[in-house]
Amino acid sequence: MFWDKKTETLKPTELKELQLKRLKKTLNQAQNVGFYQNLLAGAGIKQASIKTLDDIQKIPFTKKQDLRNGYPFGFFAVPMKEIVRIHTTSGTTGKPTVVGYTRNDLDTWSGLIARNMTMVGITKDDVFQNMVNYGMFTGGLGFHYGAEKIGMTVIPSATGNTKRQIEMIQDFGVTTIHCTPSYAMHLSEVAEEMGAGLDTLKTGLFGAEPWSESTRKTLEEKLGVTAYDSYGLSELFGPGVAFECPERDGLHIWHDSYLVEIIDPRTGEPVADGERGELVVTPLVKEAMPLLRYRTGDVTMLMEDGCLCRRGKKIARITGRSDDMLVIRGINVFPSQIEHVLLGIPEVGNQFMVFIDRINHLDEMTVDVEINREHFSGELSDLARLQKKVVKQLRDALELRTTVKLVEPGSLPRFEGKAKRVIDRREGL
């Protein structure tokens, strides 16, 4: 499945008919998943129960914890022989959320990416440098295959080695880049230090972490690009769920592929257009891993006004989370993941604090953790070994570099109510 230009500007009645048709198909596909068999049966939901789009509110929500409980393949709706790729997202207790794809899923996903990129004027004549992780993170391969579908020249440079990244932009005549906004800021500073011109650049695609209009302005001035915001979740394929059009005033959700609700995160009740709440999404075109009313945890709103490009209602840029998830350099981190790692190391205690700073435009995480005197000798050499041990185990679990500080027992704050273990000192995202 590539993409049908006609579905981008369907009339409201035509779009609702298409959404309802695809919702019923998704509901039928979900019946192949044990979790949904039990969920729907418990709610008394059958395919005949869904007569209009509003009837989706009869279906209970799916939460991230449900996906974790289904590790590894409990949410797959097709046999393993039809799964051609697996990606994962971070998990709170060492186990990731697993996402599977059929061949049709990969084609659909790359088509959505291609739709986003062509919407902002990118063509097969562009040279695209993809400066994100190519591992289990969906951003790398997602954009790679979408760009190739357009016919662009793709440079899979991945992350790191910033000076080499700059040389490739210059040597290969790169016109379009994709990375996190924080890495783009770092890239611009290194280019400035090198005295390197990036004259071929025209377009910057940035996502995987929140960023502000002031960051957009800075990136455009320093890199000479037009900057666009990208939104996606691995559970919903990956990037490509929503994207800015040339108006750059909100992100277009592809309503032919995703059914969107905005709810009050406390009550689960829908909020009106123009009111902020938690984004709930039902993907309508997934085969391997259909989801029903998935609570993303991301806070946004459905914008009331239409767009000059006539591609339907938009969501506002993501402003935060309804849970305690952190986004560090594009990687999702939960404090409970950190706690799980530390509890497995007897030489440290169960008291810790996490500090998030932005240094040279890159997010840095520092974990202060108390030493457990009962399991530790106090020798300086042992302290150094313990610090390296904690750093390694956190890196293995989070796939993220952290700074670890070992502190005296009893020196970190205690909390009578809910513990506030994270201090986010970043300003002006």
Output the residue which, of all residues in the stretch 83-98 that are at pLDDT 95 or above and under 19 Å from the mean Cα position of the chain (by Cα), is nearest to L39 (Cα to Cα). V98
Restricting attention to the stretch 278-319, report how many residues are at positive phi and either modelled with pLDDT under 85 or not in a strand (DSSP E or B) (or both). 3
Quick one: what pairs do we get from the stretch 282-304, first residue closer than 23 Å to D107 by Cβ and open to solvent by 10 Å² or more (accessible area, probe 1.4 Å), second part of a loop (DSSP other than H, G, I, E, B) and of a type in the set (F, W, Y), C-beta under 6 Å, 6+ apart or different chains? none
Just name the residue that is modelled with the highest pLDDT out of those in the stretch 198-212 that are in contact with a helix residue (DSSP H, G or I) (Cβ under 8 Å, 6 or more places away or on another chain) and open to solvent by 40 Å² or more (accessible area, probe 1.4 Å). T200
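Quick grid of which residues meet (1) modelled with pLDDT under 95; (2) more than 20 Å from Y258 (Cβ to Cβ); (3) open to solvent by less than 60 Å² (accessible area, probe 1.4 Å):
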| residue | (1), (2), (3) |
| --- | --- |
| L23 | no, no, yes |
| N32 | no, yes, no |
| G42 | no, yes, no |
| K46 | yes, yes, no |
| L53 | no, no, yes |
| P60 | no, no, yes |
| K64 | yes, no, yes |
| N69 | yes, yes, no |
| K81 | no, yes, no |
May I ask you to list pairs of residues, at least six apart or on different chains, whose Cβ atoms are under 9 Å apart, with the first in the stretch 392-412 being outside the structural domain of T89 (by TED's automatic domain parsing) and the second being open to solvent by 70 Å² or more (accessible area, probe 1.4 Å) and hydroxyl-bearing (S, T, Y)? none
If you go through P60, P79, the only one that is in contact (Cβ under 8 Å) with a residue 12 or more places away in the chain, in the same structural domain as D264 (by TED's automatic domain parsing) and over 15 Å from V99 (Cβ atoms) is P60
Within the stretch 102-142, track down each residue that is among the acidic types (D, E) and either touching a Leu at 6+ places or on another chain (Cβ under 8 Å) or surrounded by fewer than 20 Cβ atoms within 10 Å (Cβ to Cβ) (or both). D107, D125
Strands (runs of 3 or more DSSP E) lying entirely in the stretch 322-418 (those with 2 or more residues that are more than 22 Å from T159 (Cβ to Cβ)): 348-359, 362-371, 403-407
Scope the stretch 159-176; condition at pLDDT below 95 and not β-branched (V, I, T); matching residues: G160, N161
Is it true that D256 is over 17 Å from the mean Cα position of the chain (by Cα), in contact (Cβ under 8 Å) with a residue 40 or more places away in the chain and over 30 Å from G160 (Cβ atoms)? yes
For the stretch 241-277, enumerate the residues that are polar (S, T, N, Q) and either over 18 Å from R321 (Cβ atoms) or assigned to a strand (DSSP E or B) (or both). S257
Between a first residue in the stretch 160-177 that is free of Cβ contacts under 8 Å to residues at least 40 places away in the same chain and a second residue that is of a type outside the set (V, I, T) and surrounded by fewer than 17 Cβ atoms within 10 Å (Cβ to Cβ), which pairs have beta carbons less than 6 Å apart while being 6 or more apart in sequence or on different chains? I166/A196
Just wondering, is there one or more residues in the stretch 342-362 that are within 24 Å of C245 (Cα to Cα), surrounded by 17 or more Cβ atoms within 10 Å (Cβ to Cβ) and under 19 Å from the mean Cα position of the chain (by Cα)? no
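The values are calculated or read from the model by the stated rules, or taken from the named source; none is laboratory data. Model, not experiment: these values are computed from the prediction. All Cβ positions, even for glycine, are placed from backbone atoms using ideal geometry, and neighbour counts span all protein chains on display. Only protein heavy atoms, including side chains, enter the accessible area calculation; ligands, DNA and RNA are left aside. Shrake-Rupley method; radii C 1.70, N 1.55, O 1.52, S 1.80 Å.
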